[in-house]
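Peer 1: Input: one structure, supplied below.
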Amino acid sequence: MGARTPLIAGNWKMNLNSEESVNLVKALKEGITGNEGVDILVSPTFVNLAVVKLSIGDSGILLAAQNMHYEKNGAYTGEISSQMLLDVGCTHVILGHSERRSIFKETSEFINHKAKAATEMGLIPIVCIGETIEEREAGNAFAVIKDQLNGSLKNFKDVGKLPASTVLAYEPVWAIGTGKTASPEQAQEIHLFIRQWITDNFNPETASQIRILYGGSVKGDNASELMGKPDIDGALVGGASLTADAFLPIIKFKEN
Ligand code: PGA
């Protein structure tokens, strides 16, 4: 994994009320020692960002939103801007999750605008990409990933610069919430492909610094094998991030 500190990120999706969110952070704080050698991040719903931030205190746990709009403010009913996320204490924002792409019809072009706006405002985007089972079975996984990278990071390509703090998350759609994890080998070959794409479109230095997370049914019992692969720099965890009992073993994967 070289110099890249693994990032273990919990995407709570549309789960947990305010009390449950605060209790989960409390349990995580009690369970971590600070010597795990990983960065830890949680991503509650918008309405619980503020209470979760308070609960995080000085524990060093990072806070992300699950989405944002690319405009700073204005007549966008129901939307939240990067400024608002920074104001409430977010450092990161998840963009282009496959649920946003498939259920809410977000395109790579739309995600590209958000990623650019987030970066300009000082928020770190976690840009998600991943193929469906049909695309994989048709032998198109690499082409789909390349397309999503070209589209979702177009603004960065145009200027030839991608901040090294940017996080990418490879999440095969067929592995999300299904209990079917990509094998460490399947994940590694896509991660390597993504890193090569960064080298080709930016430079080797950026490629060696950027963290590429794997997501899709990551659990305590498969995390260490996945993280053991050279190009897998952490995990974006859905279901198993909703309880401390399930999330802590992933955070502590190095102990296995
Ligand atoms: P899962 O979700 O861990 O429940 O498969 C991952 C994700 O959607 O980020």
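The values are calculated or read from the model by the stated rules, or taken from the named source; none is laboratory data. Just so it is clear, the structure is predicted and the values come from calculations on it, not from any experiment. FYI the Cβ positions are ideal-geometry reconstructions off the backbone, even for glycines, and counts take in every protein chain you see.
Peer 1: Name the single residue that is surrounded by the most Cβ atoms within 10 Å (Cβ to Cβ) among those in segment 22-68 being closer than 24 Å to Val167 by Cα and polar (S, T, N, Q).
Peer 2: Ser43
Peer 1: Return the only residue of Ala118, Ala143 being over 21 Å from Ser241 (Cα atoms), exposed (fewer than 15 other Cβ atoms within 10 Å of the Cβ) and not polar (S, T, N, Q). Spell out how you get there, then give the answer.
Peer 2: On the way: Ala118 fails: exposed (fewer than 15 other Cβ atoms within 10 Å of the Cβ).
It is Ala143.
Residues are listed down the side, and each one gets a yes or a no for (1) closer than 14 Å to Asn222 by Cβ; (2) within 15 Å of the chain's Cα centre (by Cα); (3) hydrophobic (A, V, I, L, M, F, W, C):
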position: Phe156; (1), (2), (3): no, no, yes
position: Ala164; (1), (2), (3): no, yes, yes
position: Tyr170; (1), (2), (3): no, yes, no
position: Trp174; (1), (2), (3): no, no, yes
position: Gly179; (1), (2), (3): yes, no, no
position: Glu185; (1), (2), (3): yes, no, no
position: Leu192; (1), (2), (3): no, no, yes
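Peer 1: Might you check whether a residue that is within 13 Å of the ligand (Cβ to nearest atom), modelled with pLDDT of 95 or more and either more than 20 Å from Asn35 (Cα to Cα) or over 18 Å from the mean Cα position of the chain (by Cα) (or both) occurs anywhere in segment 201-214?
Peer 2: Yes, segment 201-214 contains a residue that is within 13 Å of the ligand (Cβ to nearest atom), modelled with pLDDT of 95 or more and either more than 20 Å from Asn35 (Cα to Cα) or over 18 Å from the mean Cα position of the chain (by Cα) (or both).
Peer 1: Select from segment 196-228 the residues that are more than 19 Å from Trp174 (Cβ to Cβ) and among the basic types (Lys, Arg) and list them in ascending order.
Peer 2: Once the filter is applied, which keeps residues that are more than 19 Å from Trp174 (Cβ to Cβ) and among the basic types (Lys, Arg), segment 196-228 yields only Arg211.
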